[in-house]
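Enquirer: Pasting a structure below so you can have a look.
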Amino acid sequence: MRLFLSTQWRIYGFIAALVPTPADADDIFQETALVLWRRFATFKPGTNFVAWALQVARNKVLTYWDQRKTARRFAPEGLELFIDELAKIAENSDMRFEALEHCLDKLPAKSREIIRLRYSLGASTQSVAERLERTPSAVYKALNRIHEALRDCLTQTLKQSSRAGEA
Amino acid sequence: MTDTFDPLDFSDLLGHLRDETLTDTQWAQLERLIRTDPTLRQRYLDEIMLRGLLRARFAVPGGAAVPNFSLPTPSTPATPSLPAAAPASARRRFWQLPRQRAAGQRIRVWEVVGSLAAVVILTCLLTSPIWLPRLRERPPSAATLLSASNAQWALWGPAPQVDALLPTGLLNLKSGIIDIQYANGTDLVIESPARFSVDSPNSVQLPLGKLSAQVPHSTAGFTVQTPTGTIRDLGTEFGVAVAADQSTYTEVFKGSVAVSAAQASAAPRIVHVAEAVETRPQTTEVRTVALRPQNFVRQVPRNGAVLAAGTPAYRRWQAYSARLRQDPALVAYYTFDKPARGRLDLLKNQATATAGQSDGRIDGATWDAGRFAGKPALHFNGVDSRVQVNIPAPLTNLTVAVWLYLDVKDHNMTAILNSDGWNRYGCLHFQFDDQGELRCDSYEAGDPNGLAHPHSTATGLPGRWEFIACAYDRKTGMIQAYRDGAPLYTEHVKWCNPLVIGAAEIGHWNPKGLMCPYPDRHLHGRIDELAVFSRVLGAAEIARMYAAGKPQ
């Protein structure tokens, strides 16, 4: 259980990155957790639990896309390639959540509010715009800017962290 | 191609990806770009990883997985032990490491370990259960969790505790029902699945789920905010249901509320008792809608710990009920179990002999607390609620038994189980009069007024669960009434026709156009068990039924 608790952020983040909606992510996360629980007897203590858990999550995501009959998906080989790349990132993303907290703290208050509404309430851009009495276009552009700022900040923060670790 | 691709356009593609508004053409373009351009590919990976991080950070992931993981299973091998959690001084944000290196010996230990093992240990420390609550630390809100019935939370940190203040921020109730109370006395019953947050002392945000609110008259202006509307209390009791598509259904049980659409500039719409409105995404309209059987739960018993396992009395009754439903003479048996899925307006007939027949249709009655902690009941509002049933079989003999709780007696007559109309031989009116007297009435030849036999003023008193039964023995021409397992009165009658309940209503009477001085017979109270037998239950059986089903 402690192994799972210590890695669930990364497992969920990995899944949430790969599916369209939080509800889909919730479902796959739950299915993944159940598989991990049932198959825990096959996990070898001392080996990489994160990699093992992400492998289970990876298979669940692939199944999800297989069952999703839509044109808006990557070709199977492309999807698997991306999933594997993302799994590598997630496997080594222990510091990303802390970096995200740091980057969120650095955002202006208005930007934080937009992000909070968008992700905390699961609101669409349209709904966020209604809440803030702004146009959807303005909120859309603001979200683009905020995402870009967060991506840049994450990259910089992780680089600094890496340098600090090497020093 | 990618050499000339405008980065702004790529940002736009990522924006549409985030908003799920990518067209097929844009999707194909995005796919091609990230296949062929390593830089854009990395940006794409960073973007979707950021999306995952933000969802994990804000939208609490679901699944009962975490609670499941806490279940002990002897066959599971021991979990590899993790290193002991570092003291608080070591659990600080990693970008502060350079500054802390000079100050903290423990940090230095981690820094000098360059092996994979050290990375794993640091990973575990930063994401350990002890660390996580600190990351997600939230100040307490203004609302206390009063009770929880089978509640499971999808939270990274510890689950909210009964009798403690809820934390602020978004809370995800995956299953169960909870009752929370604000410092100002406002009481909310929230049903899963629900996402909500209590961030102010007089409001709640409800992105998803159902709640019923009771706001004291002394507290004005309590507000429910949903993605598509705002519901402001005007001294009332009301229910709000937010669907997955963010549409918001509001129904008023008592008093009135003011409802505004999210983007509307017009004055709020005032909604009165027994009215319902809806707000939907991308409209500014507050639309009147028909009352729907939303089955709002309006009360949760206070002892959540007991609810999880069921009280001994509840378990005793469940065992008895399981045997009872096998009785071949049971022609209809309603245990008032709330349907978990499917038709929420269905009141299932649990009698084995007539399974699939005589199911009831709930109209206006709402789910409420039953006589045992954790057992549901249907609440009849005394205005327009009922359950429609049809029990067509002709019955030589008959026993009807019910567990009910009267809120008030505010009508001349109060129906428990009444056949439609009153002009058909053998039809039944099992009801109270305005004095609280039980009437086991049946329409019979030669007696156009039926058989009305009020004999006791001790029944039908509001404010307590009562077990009421009437046994009709056509062979001996006797009606025996019971209250709480004891004989109440006996009446001798002469029957010529079999009893046929036929089309009937629980908690209401349909006069079917009949001119009658007392057409309004709405029940104002709760029923959580009703049984109809095609035989006469003797005094001993009635006493056993009462003993098995009494709340304490």
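Enquirer: Would you mind finding the one in B:Ser175, B:Ser212 that is under 15 Å from the mean Cα position of the chain (by Cα) and under 17 Å from B:Gly239 (Cβ atoms)? Quick ask: steps written out before the conclusion?
Expert: Values: B:Ser175 fails: under 17 Å from B:Gly239 (Cβ atoms).
That would be B:Ser212, the only listed residue that is under 15 Å from the mean Cα position of the chain (by Cα) and under 17 Å from B:Gly239 (Cβ atoms).
Enquirer: If you check every pair at least six apart or on different chains, which have Cβ atoms under 9 Å apart with a residue in segment A:9-29 that is without any contact (Cβ under 8 Å) to a residue 60 or more places away in the chain and over 10 Å from B:Gly52 (Cβ atoms) first and a residue that is small (Gly, Ala, Ser) and part of a helix (DSSP H, G or I) second?
Expert: As it stands, the answer is A:Asp24/A:Ala16; A:Asp26/A:Ala16; A:Ile28/A:Ala16; A:Ile28/A:Ala57; A:Phe29/A:Ala16; A:Phe29/A:Ala57; A:Phe29/B:Ala65, since those pairs meet every condition given.
Enquirer: Only one of these is away from chain A (no Cβ under 14 Å), more than 30 Å from B:Ala274 (Cβ to Cβ) and modelled with pLDDT under 75: B:Pro160, B:Pro129, B:Pro139, B:Pro133. Name it. Break it down stepwise before answering.
Expert: Numbers: B:Pro160 fails: modelled with pLDDT under 75; B:Pro129 fails: away from chain A (no Cβ under 14 Å); B:Pro133 fails: away from chain A (no Cβ under 14 Å).
Step by step, each of B:Pro160, B:Pro129, B:Pro139, B:Pro133 is checked, and only B:Pro139 is away from chain A (no Cβ under 14 Å), more than 30 Å from B:Ala274 (Cβ to Cβ) and modelled with pLDDT under 75.
Enquirer: How many residues does segment A:97-106 hold that are crowded, with 17+ Cβ neighbours inside 10 Å and touching a residue at least 40 places away in the same chain (Cβ under 8 Å)?
Expert: Result for segment A:97-106: 6.
Enquirer: Can you find, within segment A:74-115, the residue that is farthest from the chain's Cα centre (by Cα) among those that are at pLDDT below 70 and not in a helix (DSSP H, G or I)?
Expert: Of everything passing the filter in segment A:74-115, A:Ala75 is farthest from the chain's Cα centre (by Cα).
Enquirer: Hey, another quick one. Has segment B:510-529 got at least one residue that is surrounded by fewer than 19 Cβ atoms within 10 Å (Cβ to Cβ) and in contact with a helix residue (DSSP H, G or I) (Cβ under 6 Å, 6 or more places away or on another chain)? Let's see the steps before the verdict.
Expert: First, the residues of segment B:510-529 that are surrounded by fewer than 19 Cβ atoms within 10 Å (Cβ to Cβ): B:510-520.
Next, from what is left, pick out any that are in contact with a helix residue (DSSP H, G or I) (Cβ under 6 Å, 6 or more places away or on another chain): none.
No: segment B:510-529 contains no residue that is surrounded by fewer than 19 Cβ atoms within 10 Å (Cβ to Cβ) and in contact with a helix residue (DSSP H, G or I) (Cβ under 6 Å, 6 or more places away or on another chain).
Enquirer: From A:Ala17, A:Ala33, which residue is part of a helix (DSSP H, G or I) and under 22 Å from A:Ala123 (Cβ atoms)?
Expert: Values: A:Ala33 fails: under 22 Å from A:Ala123 (Cβ atoms).
Answer to the selection: A:Ala17.
Enquirer: Could you list all residues from segment B:491-504 that are surrounded by fewer than 24 Cβ atoms within 10 Å (Cβ to Cβ) and either among the basic types (Lys, Arg) or under 36 Å from the mean Cα position of the chain (by Cα) (or both)?
Expert: B:Lys494, B:Val500, B:Gly502, B:Ala503 - these are the residues of segment B:491-504 that are surrounded by fewer than 24 Cβ atoms within 10 Å (Cβ to Cβ) and either among the basic types (Lys, Arg) or under 36 Å from the mean Cα position of the chain (by Cα) (or both).
Enquirer: I need a count of the residues in segment B:389-418 that are at pLDDT 85 or above and part of a loop (DSSP other than H, G, I, E, B).
Expert: Total meeting the criteria: 5.
Enquirer: Additional query: Given the conditions (1) within 14 Å of another protein chain (Cβ to nearest Cβ); (2) hydrophobic (A, V, I, L, M, F, W, C); (3) within 14 Å of B:Thr230 (Cα to Cα), which single one is not true for B:Val257?
Expert: Of the numbered conditions (1) within 14 Å of another protein chain (Cβ to nearest Cβ); (2) hydrophobic (A, V, I, L, M, F, W, C); (3) within 14 Å of B:Thr230 (Cα to Cα), the odd one out for B:Val257 is (1).
Enquirer: If we scan segment A:64-73, do we find a residue that is surrounded by fewer than 19 Cβ atoms within 10 Å (Cβ to Cβ), at the interface with another protein chain (Cβ under 8 Å from one of its Cβ atoms) and either more than 15 Å from B:Arg51 (Cα to Cα) or at pLDDT below 75 (or both)?
Expert: yes
Enquirer: Would you point out the residue of segment B:23-51, among those that are modelled with pLDDT of 80 or more and at the interface with chain A (Cβ under 7 Å from one of its Cβ atoms), that is surrounded by the fewest Cβ atoms within 10 Å (Cβ to Cβ)?
Expert: Among them, the one singled out is B:Leu45.
Enquirer: Moving on to the next point. Does B:Glu541 qualify as being closer than 22 Å to B:Ala329 by Cα, acidic (Asp, Glu), touching a residue at least 24 places away in the same chain (Cβ under 8 Å) and assigned by TED's automatic domain parsing to the domain that holds B:Ala319? Please lay out each step first, then the result.
Expert: Details: closer than 22 Å to B:Ala329 by Cα: yes; acidic (Asp, Glu): yes; touching a residue at least 24 places away in the same chain (Cβ under 8 Å): no; assigned by TED's automatic domain parsing to the domain that holds B:Ala319: yes.
Against the criterion (closer than 22 Å to B:Ala329 by Cα, acidic (Asp, Glu), touching a residue at least 24 places away in the same chain (Cβ under 8 Å) and assigned by TED's automatic domain parsing to the domain that holds B:Ala319), B:Glu541 does not qualify.
Enquirer: Could you list, in sequence order, the residues of segment B:540-552 that are of a type outside the set (Asp, Glu), closer than 13 Å to B:Phe467 by Cβ and not in a loop (DSSP other than H, G, I, E, B)?
Expert: Result: B:Ile542, B:Ala543, B:Arg544, B:Met545, B:Tyr546, B:Ala547, B:Ala548, B:Gly549.
Enquirer: Next up: Name the pairs: first residue in segment B:341-364 and polar (S, T, N, Q), second residue not in a strand (DSSP E or B), Cβ to Cβ under 6 Å, at least 6 apart or on different chains?
Expert: B:Asn349/B:Ser358; B:Asn349/B:Asp359; B:Gln350/B:Arg325; B:Gln350/B:Thr335; B:Thr352/B:Arg325; B:Thr352/B:Gln326
Enquirer: Within segment B:331-371, can you find the residues that are of a type in the set (S, T, N, Q) and not in a loop (DSSP other than H, G, I, E, B)?
Expert: B:Asn349, B:Thr352, B:Thr354, B:Thr366
The values are calculated or read from the model by the stated rules, or taken from the named source; none is laboratory data. Source: prediction; values computed, not measured. Virtual Cβ from ideal backbone geometry, glycine too; neighbours counted across all protein chains shown.
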